[in-house]
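A short write-up of the structure that comes next.
The values are calculated or read from the model by the stated rules, or taken from the named source; none is laboratory data. Everything numeric here is computed off the predicted structure, so don't read it as measured data. For neighbour counting, all protein chains shown are included, and Cβ atoms are generated from backbone atoms with ideal geometry for every residue, glycine included. Note: areas computed on protein heavy atoms with side chains; ligands, DNA, RNA excluded. Shrake-Rupley method; radii C 1.70, N 1.55, O 1.52, S 1.80 Å.
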Amino acid sequence: MSQTFAASEVASHNKADNLWIIVDSDVYDLTEFQEEHPGGKKILQRVAGKDASKQFWKYHNESILKKYQKQLQIGSLDSKPKPAQESPPTPPATPPPSEKKEKRTLVVPSPESGTVVPVPGPDAVEEAEAMDPFGDLVPYADPSWYQSYHTPYFNESHAALRAEVREWVESDIMPYVTEWDEAKKVPDSIYKAMGERGYLAGTLGVHPYPTELAGGRTVKSVAPEKWDLFHEMLITDELSRSGSGGFVWNVLGGFGIGAPPLMKHGKKELIDRIMPGILAGDKRICLAITEPDAGSDVANLTCEAKLSEDGKHYIVNGEKKWITNGIWCDYFTTAVRTGKEGMNGVSVLLIERSMGGVSTRRMDCQGVWSSGTTYITFEDVKVPVENLIGREHQGFKVIMTNFNHERIGIIIQCLRFSRVCYEESVKYAHKRRTFGQKLINHAVIRLKLAHMARQIEASYAWLESMIYQCQKMSDMEAMLKLGGAIAGLKAQATVTFEFCAREASQIFGGLSYSRGGQGAKVERLYRDVRAYAIPGGKTNAHHDGDHASPGTALCREEHHRRQCSQPTPPPELSRFESLPAELRNKIYRLLTGDGKLMPAVINVPNKTTGLDDFKASLPGLAATNHSINRELLDIHYSESTFTFYPPSDGLDSWRAISSWWATIPAKHRSDVTSVAAVFPIGPKGDNSEGVITATIDHAAGRTTYKVSASLEHLCSCFIEDWPSTAWTRAAEICCIPLYRYYHALAKHQKMGPSSHAI
């Protein structure tokens with residue numbers, strides 16, 4: 001405001017029909033606002049013409065001031081200090097040009113005897129500086145790196161994004177969150193802004209940033225090639241400072257779990273048609289899995305999709321319940337039953353509202369009011385087969401791989417909401433007075449705050465570690481290795497959130513029991529707690545490690561195996577040892593190439609295929625120029641399945657295999673560009689339901705690996721078949737460091753020589 005007033009001038013406006021007040025040296029005209037004031041007119045009239053700063057801050061928080069400041073402020077006091085303006089330094093005067101140019105002498109450095117110049121050694125490391133402080137600097141109200149702590153995860157691009165999102169949230173979102181929650185709707189313009197700002201494209205859980213699908217839109221403060229999962233984490237974290245689960249779920253809830261399956265498993269044509277409108281903020285998508293009778297028990301859902309007689313459409317009938325954003329959505333990423341009972345009959349379809357037969361109605365729930373929780377009914381919806389996401393009957397894998405991203409989002413929100421409860425409590429405790437002193441001076445209040453901070457910081461450190469692992473791993477590897485850890489962290493984060501909401505409510509007292517006012521955030525978040533403890537897998541289910549992730553059971557089994565002095569060898573090893581010694585030695589020589597390593601996976605074609613065709617089907621093997629004789633083929637056909645172990649002393653021990661790879665000369669190891677192993681996953685050890693293919697890639701002098709699955713019941717093996725032979729094979733390949741093992745599997749397959757690539 002450009003107008004300035006003297007305090008005496010403000011004091012003259014002290015009537016009901018001409019009412020001005022002062023708050024923090026700013027002048028407000030409340031004449032027309034009196035009727036709207038929630039506390040009534042009299043309380044305003046008592047401070048008319050006066051400085052009401054003390055009374056204002058006693059009953060309000062900063063968001064109220066920001067909400068009405070533009071509307072009601074008319075100026076400032078003439079005594080208000082003006083912000084300091086730094087004037088640019090005066091440049092030195094330019095010396096006058098000399099009339100006569102002096103001859104310059106060139107200075108040439110010369111070495112001096114006895115002088116030693118320090119030179120950085122090979123172990124020298126550049127000293128990294130912590131970033132500048134950011135925010136209100138209330139201890140523990142923000143992550144430690146906001147307060148000049150060093151961090152290995154965040155850099156200047158993250159700091160720039162943080163500032164960008166916070167400015168938007170504080171100016172356009174926080175002042176209005178309470179009224180949006182009461183109205184149970186966030187304006188469509190806010191969701192559209194999420195698309196225009198590039199935030200929707202940045203929160204898909206994919207990297208690099210999908211610039212093309214986003215129509216060329218990018219996040220202003222971050223170059224798309226620098227985008228990573230920590231940038232995504234920051235967007236969710238800063239949006240959660242609003243203190244409203246309903247708001248965050250409105251703009252990210254349905255999108256954040258409904259769009260990634262389409263992006264990662266949908267057909268390119270489908271992605272290109274659907275995603276641009278979603279990422280622009282013009283269309284909305286949600287995830288429709290939960291049913292009235294199938295919540296955490298996803299494998300037993302009943303929403304049915306039958307293939308039409310012409311095979312061109314699925315006809316979908318069923319109900320979905322508690323679907324976030326469903327009331328507003330154009331697309332529904334829907335889990336349906338296309339086959340037999342259990343997880344092996346589940347598929348995922350993208351159902352479009354425009355197809356007809358889709359009806360939605362709002363559900364009234366305890367919390368997250370503005371998230372649009374929905375009950376959906378599908379009645380004879382005709383869905384083209386092109387809208388299948390992933391493969392038919394393999395939808396359970398799509399759902400499982402999506403869980404990590406969903407739960408990470410819940411964790412980020414829970415921990416920021418915990419910080420909001422803590423920050424609001426600290427600020428309130430410093431201004432509320434009881435028994436003659438500030439609330440913060442009571443030891444019991446400080447103890448509550450200490451316990452809140454302790455749980456928040458411990459959980460956040462775990463979160464950073466999980467985000468880093470997700471950044472480095474593929475989706476499949478993350479599902480296999482991190483599923484249990486992320487489920488455990490989700491349980492930890494929701495328990496922390498519940499604790500902080502309860503303790504904050506105790507600190508605020510009655511203010512946290514009534515909606516609105518100073519305790520608005522705490523009251524609202526206390527209602528939202530159950531909305532985070534139940535979705536994404538209930539907390540009690542996550543405390544059961546076997547239910548949360550098969551990885552937990554694997555760790556327990558692996559630990560047991562290592563503790564046993566005489567481990568039980570797998571059946572393949574016993575069968576191999578039963579062969580005559582001469583035949584075993586022949587296999588060893590063929591496998592190692594008399595000192596040269598060869599690719600370990602051999603896909604055996606039909607027996608009628610000639611030797612030349614067999615060699616041609618093994619490009620990796622043929623590249624070694626190693627002779628293949630008929631005896632090798634006879635070995636394959638004499639036994640249906642083999643797992644070959646490299647030569648070592650004591651084949652009766654698993655530990656002998658662990659050190660085998662290290663014994664291979666480095667020059668021979670460097671000859672191998674890739675090694676693959678194929679494990680059948682059929683119920684009888686065959687490949688009727690697919691295989692697991694694992695590849696060891698050698699690059700830059702180190703070994704990495706990728707796991708890809710081409711099978712119908714991968715997740716069935718993970719959960720139902722443990723500890724069957726199929727699961728044991730999958731565990732060896734997927735969950736135990738591959739660089740310790742060199743598997744060679746020969747399998748009689750009837751699908752022809754080109755069915756699997758080396």
Qualifying helices (runs of 4 or more DSSP H) (wholly inside the stretch 166-210; at least 2 residues being on the phi > 0 side of the Ramachandran plot):
none
Has the stretch 370-381 got at least one residue that is within 28 Å of the chain's Cα centre (by Cα), open to solvent by 10 Å² or more (accessible area, probe 1.4 Å), within 30 Å of THR496 (Cβ to Cβ) and small (Gly, Ala, Ser)?
no
Looking for whichever is part of a helix (DSSP H, G or I) and either open to solvent by less than 60 Å² (accessible area, probe 1.4 Å) or more than 19 Å from ASP136 (Cβ to Cβ) (or both) here; the options are SER157, SER221. Which one fits?
SER157
What are the pairs, 6+ residues apart or on separate chains, where a residue within the stretch 64-75 that is part of a helix (DSSP H, G or I) and of a type outside the set (A, V, I, L, M, F, W, C) has its Cβ under 8 Å from a residue that is modelled with pLDDT of 90 or more and loosely packed, with under 14 Cβ neighbours inside 10 Å?
LYS66/SER171
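Are any residues in the stretch 298-323 open to solvent by 20 Å² or more (accessible area, probe 1.4 Å) and outside any strand (DSSP E or B), and if so, which ones?
The initial filter retains those residues of the stretch 298-323 that are open to solvent by 20 Å² or more (accessible area, probe 1.4 Å), namely 300, 302, 304, 306-313, 315, 317, 319, 321-322.
ASN300, THR302, SER308, GLU309, ASP310, GLY311, LYS312 - these are the residues of the stretch 298-323 that are open to solvent by 20 Å² or more (accessible area, probe 1.4 Å) and outside any strand (DSSP E or B).
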So SER359, is it part of a helix (DSSP H, G or I), more than 26 Å from the chain's Cα centre (by Cα), surrounded by fewer than 22 Cβ atoms within 10 Å (Cβ to Cβ) and among the small types (Gly, Ala, Ser)
no
So the check is Cβ under 8 Å with 6+ separation or different chains; which pairs have a first residue in the stretch 463-489 that's under 15 Å from LEU234 (Cα atoms) and a second one that's not in a helix (DSSP H, G or I)?
GLU464/TYR153; ILE467/TYR153; TYR468/TYR153; GLN471/HIS207; GLN471/ASP228
Could you check CYS286 against (1) open to solvent by 30 Å² or more (accessible area, probe 1.4 Å); (2) modelled with pLDDT of 95 or more; (3) in contact with a Gly (Cβ under 6 Å, 6 or more places away or on another chain) and say which number it fails?
(1)
Here are some residues: ILE21, ILE74, ILE64. Which one is β-branched (Val, Ile, Thr) and touching a Gly at 6+ places or on another chain (Cβ under 8 Å)?
ILE21
Condition met for TYR209 (free of Cβ contacts under 8 Å to residues at least 24 places away in the same chain, among the aromatic types (Phe, Trp, Tyr) and either surrounded by fewer than 21 Cβ atoms within 10 Å (Cβ to Cβ) or touching a helix residue (DSSP H, G or I) at 6+ places or on another chain (Cβ under 7 Å) (or both))
yes
Of (1) modelled with pLDDT of 90 or more; (2) on the phi < 0 side of the Ramachandran plot, LEU65 satisfies every one except (1)
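Out of the stretch 57-73, which residues are of a type in the set (A, V, I, L, M, F, W, C) and open to solvent by 50 Å² or more (accessible area, probe 1.4 Å)?
Looking only at the stretch 57-73, we keep the residues that are of a type in the set (A, V, I, L, M, F, W, C), and these are 57, 64-65, 72.
Passing the criteria: TRP57, ILE64.
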